[in-house]
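The values are calculated or read from the model by the stated rules, or taken from the named source; none is laboratory data. Because the structure is a prediction, the values reported are computed rather than measured. Positions of Cβ are backbone-derived with ideal geometry, glycine not excepted, and every protein chain shown enters the neighbour counts. Keep in mind that these areas ignore ligands, DNA and RNA; they rest on the heavy atoms of the full protein, side chains included. Shrake-Rupley method; radii C 1.70, N 1.55, O 1.52, S 1.80 Å.
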Amino acid sequence: MRRFTHINEAFTCVACGREVPPRQKSCRNHCPFCLCSVHVDDNPGDRAAQCGGLLRAIGYDGDVAKGMTLIFRCTKCAMVRRNIAALDDPAAADDLDAILALTSRHD
């Protein structure tokens, strides 16, 4: 059973070192600047994963008008996870150019 634990706090990105503010309308789980995260959750927000590997964006599904979903792969365990892109967040929107620059759309 998948559960969502609401954790929305500022963090320093381990990949690029930038300060990332909390998301205003939902929870943020990745850096809006370099699109990286850390594999800390089994289910969103539970902090139960033991891996701790770097999650890198490898692709995306959808489009700007209807919404985009980013696809991440863990560099340590190869787990693949999806997360909604935060293109409309006034605090720090995901970098659309970085999303579109991903080399391929994930199938």
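May I ask you to list the residues in region 68-86 that are under 20 Å from LYS25 (Cβ atoms) and surrounded by fewer than 16 Cβ atoms within 10 Å (Cβ to Cβ)?
Residues satisfying the conditions are THR69, ARG82, ILE84.
Scan region 1-15 residue by residue and report those that are modelled with pLDDT of 90 or more and in a strand (DSSP E or B).
The initial filter retains those residues of region 1-15 that are modelled with pLDDT of 90 or more, namely 12-15.
Hit for region 1-15 is THR12, nothing else.
Which of the residues that make up region 26-41 are over 16 Å from MET68 (Cα atoms) and of a type in the set (D, E, K, R)?
ASP41 - this is the single residue of region 26-41 that is over 16 Å from MET68 (Cα atoms) and of a type in the set (D, E, K, R).
Residue-by-condition table, conditions (1) of a type in the set (A, V, I, L, M); (2) out of contact with any Asp or Glu (no Cβ under 6 Å at 6 or more places or on another chain); (3) not in a strand (DSSP E or B):
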{"site": "GLY17", "(1), (2), (3)": "no, yes, yes"}
{"site": "PRO22", "(1), (2), (3)": "no, no, yes"}
{"site": "ASN29", "(1), (2), (3)": "no, yes, yes"}
{"site": "ASP61", "(1), (2), (3)": "no, yes, no"}
{"site": "ALA65", "(1), (2), (3)": "yes, yes, yes"}
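Any residue in region 60-72 that's over 18 Å from CYS36 (Cβ atoms) and touching a residue at least 24 places away in the same chain (Cβ under 8 Å): show its pairings with residues that are surrounded by fewer than 20 Cβ atoms within 10 Å (Cβ to Cβ) and hydroxyl-bearing (Ser, Thr, Tyr) at Cβ separation under 6 Å, as long as the two are six or more apart or on different chains.
Matching pairs, first to second residue: ASP61/THR69.
Can you tell me which residue is least open to solvent (accessible area, probe 1.4 Å) among those in region 39-67 that are at pLDDT below 90 and basic (Lys, Arg)?
ARG47
Pull out all pairs, ordered by first then second residue, where Cβ-Cβ is under 9 Å, the residues are six or more apart or on different chains, the first lies in region 73-97 and is part of a strand (DSSP E or B), and the second is open to solvent by 90 Å² or more (accessible area, probe 1.4 Å).
Cβ pairs passing all conditions: ARG73/ARG56; CYS74/ARG56; VAL80/ARG73; ARG81/ARG73.
Restricting to region 43-57, name every residue that is assigned to a loop (DSSP other than H, G, I, E, B) and either under 14 Å from the mean Cα position of the chain (by Cα) or not hydrophobic (A, V, I, L, M, F, W, C) (or both).
We begin by selecting, within region 43-57, every residue assigned to a loop (DSSP other than H, G, I, E, B); these are 43-53.
Matches in region 43-57: ASN43, PRO44, GLY45, ASP46, ARG47, GLN50, GLY52, GLY53.
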